[in-house]
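Remarks on the structure that follows.
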Amino acid sequence: MKVLVCDKTEKECIEQMRTAGLTVDTSFEITPEELLTVAPAYDALVVRSRTKVRQALIDVCPNLKLIVRGGVGLDTIDVEYARSKGITVKNTPLASSASVAELAIGYMFMLARSLYKASATMKAEKWDKKSFEGDEIGGKTLGLIGVGNIGKETAKRAAALGMSVVAYDPYVKELAGAQLLSLDELLATADYISLHLPKTPESANMIGAEQFAKMKTGVRIINCARGGIINEDALYEALTSGKVAGAALDVFAEEPPTDWKLLKLENVIGSPHIGAATKEAQTRVGAEVAQIVIDFAKK
């Protein structure tokens, strides 16, 4: 079985597949154009968020039997089309859950205590102590939109910090330690709202002007899920009007952004889609990818 690893993957993962008798090639910087000419020779593709596997690529790969996405989301792959061609599509939904949950919690602390502003003033050699009275997150209500693996990990950590947790997820009937609400009820209740759901046709732009109007004034928003679930123009208006006190964004509708206006607001902090970028998560992702490919090859 010939495997092409298209994005950076742990060396141990690659060696594990080779030890199992697979032919594994790596091309971590391969362009979409190059991939169209190279991929047809392979039985399996291993990708991360950088490489897109769309219909045009699938159509030129007659030998392709397996696509493995090292990570949670599958929005970079035309999943249904691949499966219609008899191609198995897999991901690693558990490997990075703890890392993304920790980033979301870290962002809550940063927003509550204005740590990004406080640090910036210190670097500018200013001792502006009176400007940074913050809030405790204990005793506040965290609203989780989406409670899959990452949402559940976030809920556990928030509860341990003394937060009340409410959640909205139409596919979940019960959640230990949290109260399930309708989306409108959650929007009206939460002091912090954190998104943990995939981007789908149903979830695209699901948080827009109408939803912001239903939120508490002074709410804080965290998105470590996918860009495009929050309408960025509506978020900008909510942030500049004071409806939303602050936002922390790890993901954006366009990555990297071409319009940086959100990140230029003083009440917005951001990162370049690094939710899963921890040593521990990368090790777990690599190990799970290797096992998926090896098990598939044994069939």
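The values are calculated or read from the model by the stated rules, or taken from the named source; none is laboratory data. Every value quoted in this text rests on a predicted model; they were computed, and no experiment measured them. Reconstructed Cβ throughout: ideal geometry from the backbone, glycine too, with neighbour counts over all protein chains shown.
Worth pointing out:
- Applying the condition of being crowded, with 16+ Cβ neighbours inside 10 Å and at pLDDT 95 or above to region 2-13 and asking which residue is farthest from the chain's Cα centre (by Cα) yields Val3.
- Filter result (polar (S, T, N, Q), surrounded by 17 or more Cβ atoms within 10 Å (Cβ to Cβ) and farther than 28 Å from Asn91 by Cβ) within region 140-187: Thr141, Ser164
One line per residue, one yes/no per condition, for (1) among the polar types (S, T, N, Q); (2) at pLDDT 95 or above:
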| position | (1), (2) |
| --- | --- |
| Leu239 | no, yes |
| Pro272 | no, yes |
| Gln282 | yes, no |
| Lys299 | no, no |
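- Among the candidates Leu74, Leu64, residue that is modelled with pLDDT of 95 or more, of a type outside the set (Val, Ile, Thr) and in a loop (DSSP other than H, G, I, E, B): Leu64
- The set of residues in region 207-222 being free of Cβ contacts under 8 Å to residues at least 60 places away in the same chain and either in a loop (DSSP other than H, G, I, E, B) or touching a Gly at 6+ places or on another chain (Cβ under 9 Å) (or both) consists of Gly208, Lys214, Met215, Lys216, Thr217, Gly218, Val219, Ile221.
- Across region 87-134, the qualifying residues are those that are of a type in the set (A, V, I, L, M, F, W, C) and assigned to a loop (DSSP other than H, G, I, E, B), and the one among them that is nearest to Ala190 (Cα to Cα) is Phe132.
- Every pair of residues 6+ apart whose Cβ atoms lie under 6 Å, when the first sits in region 85-100 and is outside the structural domain of Asp250 (by TED's automatic domain parsing) while the second is among the polar types (S, T, N, Q) and in a strand (DSSP E or B): none
- Residues of region 118-144 classified as under 16 Å from Ile105 (Cβ atoms) and among the β-branched types (Val, Ile, Thr), total: 2
- With respect to being under 18 Å from the mean Cα position of the chain (by Cα) and either in the same structural domain as Ile221 (by TED's automatic domain parsing) or more than 25 Å from Val268 (Cβ to Cβ) (or both), Leu115 falls outside the description.
- All of Thr283, Thr258, Thr278 fail the test of being among the polar types (S, T, N, Q), within 22 Å of Tyr116 (Cβ to Cβ) and surrounded by fewer than 18 Cβ atoms within 10 Å (Cβ to Cβ), apart from Thr278.
- Top-ranked residue of region 242-256 - restricted to ones that are in contact with a strand residue (DSSP E or B) (Cβ under 9 Å, 6 or more places away or on another chain) and not in a strand (DSSP E or B), ranked as nearest to Glu102 (Cα to Cα): Asp250
- Evaluation of Arg69 against the conditions (1) crowded, with 16+ Cβ neighbours inside 10 Å; (2) outside the structural domain of Arg220 (by TED's automatic domain parsing); (3) touching a residue at least 40 places away in the same chain (Cβ under 8 Å); (4) not aliphatic (A, V, I, L, M) shows that the sole unmet condition is (3).
- Residues in region 223-241 that are surrounded by fewer than 17 Cβ atoms within 10 Å (Cβ to Cβ) and either among the charged types (D, E, K, R) or not in a helix (DSSP H, G or I) (or both) were compared, and the one that is nearest to the chain's Cα centre (by Cα) is Asp233.
- Matching residues in region 177-196 - criterion: being more than 24 Å from Glu136 (Cα to Cα) and either at pLDDT below 95 or not in a loop (DSSP other than H, G, I, E, B) (or both): Leu183, Asp184
- Enumeration of residues in region 146-169 that are within 16 Å of the chain's Cα centre (by Cα) and assigned to a loop (DSSP other than H, G, I, E, B): Gly146, Val147, Gly148
- Among the residues of region 142-167, those identified as touching a Lys or Arg at 6+ places or on another chain (Cβ under 9 Å) and either more than 21 Å from Cys224 (Cβ to Cβ) or of a type outside the set (A, V, I, L, M, F, W, C) (or both) are Gly162, Ser164.
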